[in-house]
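Input: a single structure, listed below in structure tokens.
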Amino acid sequence: MDPHLPWFILLNPLVSAALIHLVLRRSSGTSATVSVLSACFGLLAAVGIWFSGQSGAPIEVPWLDFGPALRIPIGFIIDPLSRLMLLVVTGIGALIHIYSLIYMEHDEAKSRYFGNLSLFMFSMLGIVLANNFAMMFIFWELVGVSSYLLIGHWFTRDSAAAAANKAFITNRIGDFGFMLGILMVWSATGSVVFPEIAAKIGTLNLSADFLTAATLLVFCGAVGKSAQLPLHVWLPDAMEGPTPVSALIHAATMVAAGVYMLARVYFLVALSPDAQTVIAWIGIVTAVFAALMATQQDDIKRILAYSTLSQLGYMISAIGLAAPGAAMFHLFTHAFFKALLFLGAGAIIHALHHEQNIWHMGGLSSRMRVTFLTFTAGFLALIGCPFFSGFFSKDLILLAAWQHNTAIFALALFTAFLTAFYMTRLFVVVFLGKSRTDAAAHGHDGPIAMTGPLMILGLFSVIAGWPWIQNYALGEVSSHTLHLLHEGGGSVPVMILATLSFLAGTGGAYVLYSGKAKDPILIPLFKNKFYIDELYAALIAGTQDLFARILAWFDKWILDGIGVRGLSGGAWGAGFVLRFLQWGNLQAYSFLFGIGVVALIYFMVFAK
Amino acid sequence: MLNLLIFIPNLAALAILLGAPGRKTSLVASTASLLLTLFALLSYDKAAGGYQFVSSSPIVPEWNLSYRLAADGLSLVMLLLTAIVTFAAVWITPRFERRENLFYACLLFIAAGATGAFASADLFFFYAFHELALIPTFLLIGLWGSGERQTAAWKITIYLALGSFVLLIGLIDLYNAIPAKWDTFTRGFDMIALQKAAAAHLAATGQPLIPVAAQIRPYFILLVGFGTLISLFPFHSWAPTAYASAPTPAAMLHAGVLKKFGLYGLIRLSIPLLPAGAQHWAWLLLLLLVANIIYIGFVTIAQHKLDLMLGYSSVMHMGYIFLGIAAFNIVGLSGAALLMFAHGLSIAALFAITGQLRPQSPSLSFATLGGLGKTMPFLGAAFGCAAFASIGLPGFANFASELMVFFGAYQPGAAPAFTSNYRLATIFALWGVVISAVYMLRAYRAVFLGPLKKESTAWPVATFAIKMPVILLLAALLIAGFFPSSVLAFLKPSIEALLPR
């Protein structure tokens, strides 16, 4: 492989972002063209890397180099895992760039939007290519800031500004643990470079507690970025951003970075069974909770957001169930169908003049044919309908749970049922029945730049899970996991149970929601997201902000007030200095200065 | 070369006091200084390293007191910081009705003092130049400040005067602790000779030049003295009020440059001469710096005015630099030195932009601001960049430095038995990164995002005189952030030479 290719992939979106932000700010059309072209070139380069096989010598340049004390390179790792992820990120990225041309056509800050989209591509590709912890952390943070910028794209809306802050700060809490985990691993192995750590960490006889702590701290990073409990609160709010952003960043790529990172450092995760158990449970609990919340939401994007949380929970859980191949497989299929569902939702929102409440839609199947058909493909893939992509990847995760932990398997199965339930609810309410509003009665498909990406993603949502595609795309990434899972047995009962729960969920929701004008069920606990946002708000106000106010009071009135004013003699000091300042002449200063000098010389020379 | 660097601002300031046009003369002088500093950096022989551009004119030969100038990589980076921030501060100075010329003269005197302090290789002048720079700072706040300028002015004066006095005592104590004669070395004010003697003594005898027991007291006094100048907890309370009421260019110069003198001095003197003292007091320093990060961090969260918030945040970030110094190894100290540079640039940019908002809302209270990103797009974007720089976003120099500080402190170079305490401090410092995101993003949202709170037709347009210096500061942060090695190439060898081994 040409060693320039990864450099091109990484730097090309950075150049695009810089060009747009620095030069093209006022020419929005050119900005969009530059950004879309850069995304397409990125895809071409990723395809080039895909076909050019393994890399030879490692590609890296020093960034911080303190010899043996600390070495942080900017270096690339080109292996089956990163090649797959490159394709996913650049492929879906390119489609969403094209889709954005229409969706953001009349936005007054179009240049800023496309510039930030390019910035996001740069950051995300940096995570994918990173061959060491520190570089991954760098791009990890950059992804956080590009997400912040895009969520807050319409920053004059208070809710968007609030959501952007929430996303960034919540992610930073996760990154606190991540960085600490990196420091722990580094202190033990003396390196931050993945292959070096992998080669060394097994030989060090580290204590189980140390490994568990380090792994769980690194996992904190994934909890933040992949929005797992208890740091999941930012993702639903992130839907304040433009819908293509939700599709690209908050569904297909960025939120999957946590899963990718865990797959990348699986050599570390694998050393600690305790940490794996925790990871598996956090993942599955997130999956169930998010699915429960999704059943009672009315905003089409929020339903999809909770669904994303839930599916990410599956992937994280799979990592903990020693099936990183299954996690990556689900990441792969999910990227297509979830991006598709978001873009489909975006097409509807666009056609209905920014209507997001599903109860104000209805009957769209006849007027938005392309959107309807492609959305159906994504819908069937997500709920695990046999022969659609999601069915195959979810099946592997269920199988892994079956073989490792019955309780987790039961929860995973329940999640599959809930997924079918809430998605059928959405589908029935939005597309079937009668139109409930005027806008819904006049909605129509968008132009080809919008429907094109939908059709391509629709195709992949159907086929991406088929065994031969899975073999081709994932290959070595999943072969080990697949091998283990096949040996473990149980695939037939798992498949039957999965299909049954899919049928039960779909059927139940169809019966309940078909032809209804408003929600027949009301479960406040789910609708209000288990009151977790309220709980956190109270916690922040009751601890952090209260604590801050107390300390600020202490600082102002005790430390500064009594301590300082008392010491300096209050009024006397003020009067003296004021007179001093009003003199304003240099004589006084030179006089005092002279005293200081004399004193210095006296003490130094004559004191002894 | 260094003589010229000190001479230019002094000459310009005198010329202004004698009637030369203030702004024009200052612009010429600060541009000349910046170009000359860049030239000095380029002509510094990195392969040879060590102190270069040495010049010395004896003042009192029998006391070995000379006007001795020299610069190593560390000094050069600090000189570059001085030159850039001075340049930006002069550019951004608004029009004054009252005694404009005196204002510019004061700015240039601060610059001259800071330049002199960083370029001095003689203890006496090292101290004296800093004093020289403090006096015009007090004047600027007292005469041109806003809000409670008189209270702020007397507070900073009393505080820093006391701090300088303690520092003076510390220097004397340090001087007295040095053996009068060893081998060919005779005690004097020559900082280069002191550093060399310390290294030679350690190499020859395995013992430090100053006996371990004699290092304890001077280090403590120096820590208090320098610490007051740097706003180390609990000697910090002068800083936020002073920066809040100081005129913008004065806040930029003091927070950006002059405050770094204390850190510079601590590195320059205590690392080679008082390593045992540093180890002895490591517990105290760690305690205080954690207070700087966590305690001040929380106090910052509670602030409701932009200028006070920035003042506190600047105090908080000193904790990270202290952590790098406490780490006592090449990684941490390099991080601390780079962070001095980065923090100086970013806080200068933040104050520069904040100053432009003052005409809109003199109190700068969050309650009265909001949505300014729409009406002031340039300032909004620039403030965003500077804010993200200051909370350690990768790409800006602050991140690279903080990363080094964390790595350095997690595996400290001193007192292996004390490692777990260093790690604890590092954990607190990492939590501080979250805290700083909280207050900075809240402030950014309150001021620039959300709906516009105040209708006004007179939104100031960012002119070239405002844009150019801000862009320069941000560009320097980005260059040093993307390519930290370019700055580290100067810092690392100098710090390696300072570290006892």
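The values are calculated or read from the model by the stated rules, or taken from the named source; none is laboratory data. The shown structure was predicted, so the numbers you read here are calculated from the model rather than taken from an experiment. Glycine gets a Cβ as well: all are built from the backbone with ideal geometry, and neighbour counts include every protein chain shown.
Name the residues in the stretch B:177-211 that are β-branched (Val, Ile, Thr) and assigned to a helix (DSSP H, G or I), would you? Walk me through it before giving the result.
Narrowing the stretch B:177-211 to residues β-branched (Val, Ile, Thr): B:178, B:184, B:186, B:192, B:205, B:210.
Once the filter is applied, which keeps residues that are β-branched (Val, Ile, Thr) and assigned to a helix (DSSP H, G or I), the stretch B:177-211 yields B:192, B:205.
Please go through the stretch A:19-71 and pick out each residue that is surrounded by fewer than 14 Cβ atoms within 10 Å (Cβ to Cβ) and either within 30 Å of residue B:405 (Cα to Cα) or within 14 Å of another protein chain (Cβ to nearest Cβ) (or both).
Those that are surrounded by fewer than 14 Cβ atoms within 10 Å (Cβ to Cβ) and either within 30 Å of residue B:405 (Cα to Cα) or within 14 Å of another protein chain (Cβ to nearest Cβ) (or both): A:22, A:23, A:26, A:61, A:62, A:67, A:68.
Could you tell me which residue of the stretch A:186-201 is surrounded by the most Cβ atoms within 10 Å (Cβ to Cβ), considering only residues that are in a helix (DSSP H, G or I) and within 11 Å of another protein chain (Cβ to nearest Cβ)?
Among them, the one singled out is A:186.
Within the stretch B:53-78, count every residue that is surrounded by fewer than 15 Cβ atoms within 10 Å (Cβ to Cβ) and within 14 Å of another protein chain (Cβ to nearest Cβ). Reasoning before the result, please.
First, the residues of the stretch B:53-78 that are surrounded by fewer than 15 Cβ atoms within 10 Å (Cβ to Cβ): B:54-58, B:60-62.
Going one step further and asking which of them are within 14 Å of another protein chain (Cβ to nearest Cβ), we end up with B:60-62.
Summing the residues that are surrounded by fewer than 15 Cβ atoms within 10 Å (Cβ to Cβ) and within 14 Å of another protein chain (Cβ to nearest Cβ) in the stretch B:53-78 gives 3.
Return the residues of the stretch B:179-213 that are within 14 Å of chain A (Cβ to nearest Cβ) and either in contact with a helix residue (DSSP H, G or I) (Cβ under 7 Å, 6 or more places away or on another chain) or under 20 Å from residue B:67 (Cα atoms) (or both); say none if nothing qualifies.
Across the stretch B:179-213, the qualifying residues are B:186, B:187, B:188, B:189, B:190, B:191, B:194.
Is it the case that the stretch A:220-230 has a residue that's away from chain B (no Cβ under 12 Å) and more than 21 Å from residue A:305 (Cα to Cα)?
no
Return the residue satisfying two criteria in turn: it lies in the stretch B:93-150 and is within 18 Å of residue B:358 (Cβ to Cβ) and basic (Lys, Arg), and of such residues it is farthest from the other protein chains (Cβ to nearest Cβ).
B:95
Go through (1) away from every other protein chain (no Cβ under 14 Å); (2) surrounded by fewer than 20 Cβ atoms within 10 Å (Cβ to Cβ) and name the single condition residue A:108 misses.
The failed condition is (1).
Among A:169, A:249, which is the only one that is in contact with a Leu (Cβ under 8 Å, 6 or more places away or on another chain) and modelled with pLDDT under 90?
Just one listed residue meets the conditions, A:249.
How many of the residues in the stretch B:182-199 are surrounded by 19 or more Cβ atoms within 10 Å (Cβ to Cβ) and touching a Phe, Trp or Tyr at 6+ places or on another chain (Cβ under 6 Å)?
The qualifying residues number 2.
Out of (1) more than 7 Å from chain B (Cβ to nearest Cβ); (2) part of a helix (DSSP H, G or I); (3) modelled with pLDDT of 55 or more, what's the single condition that is false for residue A:555?
Answer for residue A:555: the failing condition is (1).
Would you mind finding the one in A:94, A:130, A:134 that is in contact with a Cys (Cβ under 9 Å, 6 or more places away or on another chain), of a type outside the set (Asp, Glu) and touching a residue at least 12 places away in the same chain (Cβ under 8 Å)?
Sole residue among the options that is in contact with a Cys (Cβ under 9 Å, 6 or more places away or on another chain), of a type outside the set (Asp, Glu) and touching a residue at least 12 places away in the same chain (Cβ under 8 Å): A:94.
Would you tally the residues in the stretch B:354-382 being in a helix (DSSP H, G or I), touching a Ser or Thr at 6+ places or on another chain (Cβ under 9 Å) and away from chain A (no Cβ under 13 Å)?
Residues meeting the conditions: 4.
Listed residues B:334, B:314; which is hydroxyl-bearing (Ser, Thr, Tyr), within 15 Å of the chain's Cα centre (by Cα), crowded, with 23+ Cβ neighbours inside 10 Å and within 20 Å of residue B:249 (Cβ to Cβ)?
B:314
Give the stretch B:285-334 a look and list any residue that's aromatic (Phe, Trp, Tyr) and within 13 Å of residue B:243 (Cβ to Cβ), or say none.
B:312
Output the helices (runs of 4 or more DSSP H) that fall wholly within the stretch B:257-337 and possess 3 or more residues being away from chain A (no Cβ under 14 Å) and under 30 Å from residue B:83 (Cα atoms), or say none. Walk me through it before giving the result.
Details: elements: B:260-265, B:275-280, B:282-290, B:296-301, B:306-327.
Here the list reads B:260-265, B:306-327.
Checking the conditions here, which among A:502, A:547 is within 14 Å of chain B (Cβ to nearest Cβ), over 26 Å from the mean Cα position of the chain (by Cα) and in a helix (DSSP H, G or I)?
Result: A:547 is the single residue among A:502, A:547 that is within 14 Å of chain B (Cβ to nearest Cβ), over 26 Å from the mean Cα position of the chain (by Cα) and in a helix (DSSP H, G or I).
Evaluate the stretch B:396-412: report whether one residue or more is surrounded by 23 or more Cβ atoms within 10 Å (Cβ to Cβ), assigned to a helix (DSSP H, G or I), of a type in the set (Ser, Thr, Tyr) and more than 8 Å from chain A (Cβ to nearest Cβ).
yes
Which one is modelled with the lowest pLDDT among residues in the stretch B:417-433 that are more than 14 Å from every other protein chain (Cβ to nearest Cβ) and over 27 Å from the mean Cα position of the chain (by Cα)?
Among those that are more than 14 Å from every other protein chain (Cβ to nearest Cβ) and over 27 Å from the mean Cα position of the chain (by Cα), it is B:417.
Would you please list the contacts, defined by Cβ atoms under 9 Å and residues six or more apart or on different chains, that run from a residue in the stretch B:478-501 that is under 30 Å from residue B:200 (Cβ atoms) to a residue that is buried (at least 16 other Cβ atoms within 10 Å of the Cβ) and of a type in the set (Asp, Glu)?
Between residues of the stretch B:478-501 that are under 30 Å from residue B:200 (Cβ atoms) and residues that are buried (at least 16 other Cβ atoms within 10 Å of the Cβ) and of a type in the set (Asp, Glu), the close pairs are B:490/B:72; B:493/B:72; B:494/B:72; B:497/B:72; B:498/B:72.
Residues are listed down the side, and each one gets a yes or a no for (1) of a type in the set (Phe, Trp, Tyr); (2) at pLDDT below 90; (3) at positive phi:
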| residue | (1), (2), (3) |
| --- | --- |
| B:148 | no, yes, no |
| B:154 | yes, yes, no |
| B:167 | no, no, no |
| B:176 | no, yes, no |
| B:216 | no, no, no |
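Suppose the filter is within 30 Å of residue B:380 (Cβ to Cβ), crowded, with 23+ Cβ neighbours inside 10 Å and more than 16 Å from the chain's Cα centre (by Cα); does residue A:179 pass it?
Working: within 30 Å of residue B:380 (Cβ to Cβ): yes; crowded, with 23+ Cβ neighbours inside 10 Å: yes; more than 16 Å from the chain's Cα centre (by Cα): yes.
So residue A:179 passes the test.
Would you mind stating whether residue B:302 is among the hydrophobic types (A, V, I, L, M, F, W, C), within 21 Å of the chain's Cα centre (by Cα) and either buried (at least 24 other Cβ atoms within 10 Å of the Cβ) or closer than 24 Å to residue A:540 by Cβ (or both)?
Values: among the hydrophobic types (A, V, I, L, M, F, W, C): yes; within 21 Å of the chain's Cα centre (by Cα): no; either buried (at least 24 other Cβ atoms within 10 Å of the Cβ) or closer than 24 Å to residue A:540 by Cβ (or both): yes.
The answer is no for residue B:302.
Residues to consider are B:158, B:135, B:92; find the one that is more than 16 Å from the chain's Cα centre (by Cα) and over 29 Å from residue B:19 (Cβ atoms).
B:158
Please specify each residue of the stretch B:200-236 satisfying the condition of being small (Gly, Ala, Ser) and buried (at least 24 other Cβ atoms within 10 Å of the Cβ). Even if it seems obvious, please write down each step before you answer.
Pass one, the stretch B:200-236, residues small (Gly, Ala, Ser): B:200, B:203-204, B:206, B:213-214, B:225, B:227, B:231.
The answer is B:225, B:227, B:231.
Name the single residue, out of those in the stretch B:130-176 being among the small types (Gly, Ala, Ser) and assigned to a helix (DSSP H, G or I), that is nearest to residue B:193 (Cα to Cα).
Result: B:170.
Residues of the stretch B:434-479 being under 17 Å from residue B:397 (Cα atoms) and either away from chain A (no Cβ under 11 Å) or surrounded by fewer than 22 Cβ atoms within 10 Å (Cβ to Cβ) (or both), which ones?
Here is the first cut: in the stretch B:434-479, the ones under 17 Å from residue B:397 (Cα atoms) are B:436-437, B:470-479.
B:470, B:471, B:472, B:473, B:474, B:475, B:476, B:477, B:478, B:479, listed by residue number.
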